[in-house]
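Visitor: Supplied in structure tokens, the structure appears directly below.
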């Protein structure tokens, strides 16, 4: 019996450690967005660039999430089909005083400092180098998730000659 308990404890410790290292530990609860935004339609079909909606990516720490006014610059409430559920949800926000209450789902670990401006403007990285799956998403991710693993960050820093000093990112 003592061996079984020890074995179970070891298995749980190993599984927990692997989950922690992979980032599963940091996953948040299931998220329901107010609008099921379709990145694929906007990036592939409409030919938009990420920074057209994530307007703070070039200048800020966070890329930002678009407000209703930005969406309504392209989507005209008088000319578009209101029978499409996601467009109807967008147009409902135009009628209210509220902005779109997006829930952030692309996250970094709490001990990591990450600046979009530093990576996009200074280093000249394309958003899809880190957010590799975004272009093909037809709906938002169902939960918050780590965008990059430490291994991927280190590989990119090595490839681009960026600092590999732990304190450059971990604060």
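Visitor: List pairs: first in segment 99-124 and free of Cβ contacts under 8 Å to residues at least 24 places away in the same chain, second surrounded by 14 or more Cβ atoms within 10 Å (Cβ to Cβ) and not in a loop (DSSP other than H, G, I, E, B), Cβ under 8 Å, 6+ apart or cross-chain?
Guide: Correct list of pairs: 119/130.
Visitor: Something else about it: Out of the residues in segment 81-95 meeting the condition of being in contact with a helix residue (DSSP H, G or I) (Cβ under 9 Å, 6 or more places away or on another chain) and without any contact (Cβ under 8 Å) to a residue 40 or more places away in the chain, tell me which one is nearest to residue 32 (Cα to Cα). It would help to see each step written out before you state the result.
Guide: Filtering segment 81-95 down to residues in contact with a helix residue (DSSP H, G or I) (Cβ under 9 Å, 6 or more places away or on another chain) leaves 81-82, 90-91, 93-94.
Those left that are additionally without any contact (Cβ under 8 Å) to a residue 40 or more places away in the chain: 81-82, 91, 94.
Details: 81: 23, 82: 21, 91: 18, 94: 20 Å.
Going through the qualifying residues, I end up with 91.
Visitor: From the set of residues in segment 152-171 that are touching a helix residue (DSSP H, G or I) at 6+ places or on another chain (Cβ under 9 Å) and assigned to a loop (DSSP other than H, G, I, E, B), which is nearest to residue 48 (Cα to Cα)?
Guide: In the first step, residues of segment 152-171 are kept if they are touching a helix residue (DSSP H, G or I) at 6+ places or on another chain (Cβ under 9 Å); the result is 152-153, 156-157, 162-164, 168-169.
From what is left, the residues that are assigned to a loop (DSSP other than H, G, I, E, B) are 162-164.
On the way: 162: 29, 163: 32, 164: 33 Å.
Filtering segment 152-171 for residues that are touching a helix residue (DSSP H, G or I) at 6+ places or on another chain (Cβ under 9 Å) and assigned to a loop (DSSP other than H, G, I, E, B), the one nearest to residue 48 (Cα to Cα) comes out as 162.
Visitor: Would you mind listing the helices (runs of 4 or more DSSP H) fully within segment 31-143 where at least 1 residues are over 20 Å from the mean Cα position of the chain (by Cα), loosely packed, with under 13 Cβ neighbours inside 10 Å and outside the structural domain of residue 162 (by TED's automatic domain parsing)? Write out each step before concluding.
Guide: Working: elements: 50-53, 68-74, 85-94, 127-130.
By residue number, 68-74, 85-94.
Visitor: Is it true that residue 54 is at pLDDT 95 or above and within 22 Å of residue 160 (Cβ to Cβ)? Break it down into steps so the answer makes sense when it comes.
Guide: Details: at pLDDT 95 or above: yes; within 22 Å of residue 160 (Cβ to Cβ): yes.
Yes: the conditions hold for residue 54.
Visitor: Is it the case that residue 131 is under 30 Å from residue 155 (Cα atoms), out of contact with any strand residue (DSSP E or B) (no Cβ under 9 Å at 6 or more places or on another chain) and in contact (Cβ under 8 Å) with a residue 60 or more places away in the chain? Let's see the steps before the verdict.
Guide: Numbers: under 30 Å from residue 155 (Cα atoms): yes; out of contact with any strand residue (DSSP E or B) (no Cβ under 9 Å at 6 or more places or on another chain): no; in contact (Cβ under 8 Å) with a residue 60 or more places away in the chain: yes.
No, not satisfied.
Visitor: Quick check, is residue 149 loosely packed, with under 15 Cβ neighbours inside 10 Å, farther than 19 Å from residue 42 by Cα, touching a helix residue (DSSP H, G or I) at 6+ places or on another chain (Cβ under 9 Å) and touching a residue at least 60 places away in the same chain (Cβ under 8 Å)?
Guide: On the way: loosely packed, with under 15 Cβ neighbours inside 10 Å: yes; farther than 19 Å from residue 42 by Cα: yes; touching a helix residue (DSSP H, G or I) at 6+ places or on another chain (Cβ under 9 Å): yes; touching a residue at least 60 places away in the same chain (Cβ under 8 Å): yes.
Answer is yes for this residue.
The values are calculated or read from the model by the stated rules, or taken from the named source; none is laboratory data. Please read these numbers as outputs of a predicted model, since none were measured by experiment. Methodologically, a virtual Cβ is constructed for each residue, glycine included, from the backbone with ideal geometry; neighbour enumeration extends over all protein chains shown.
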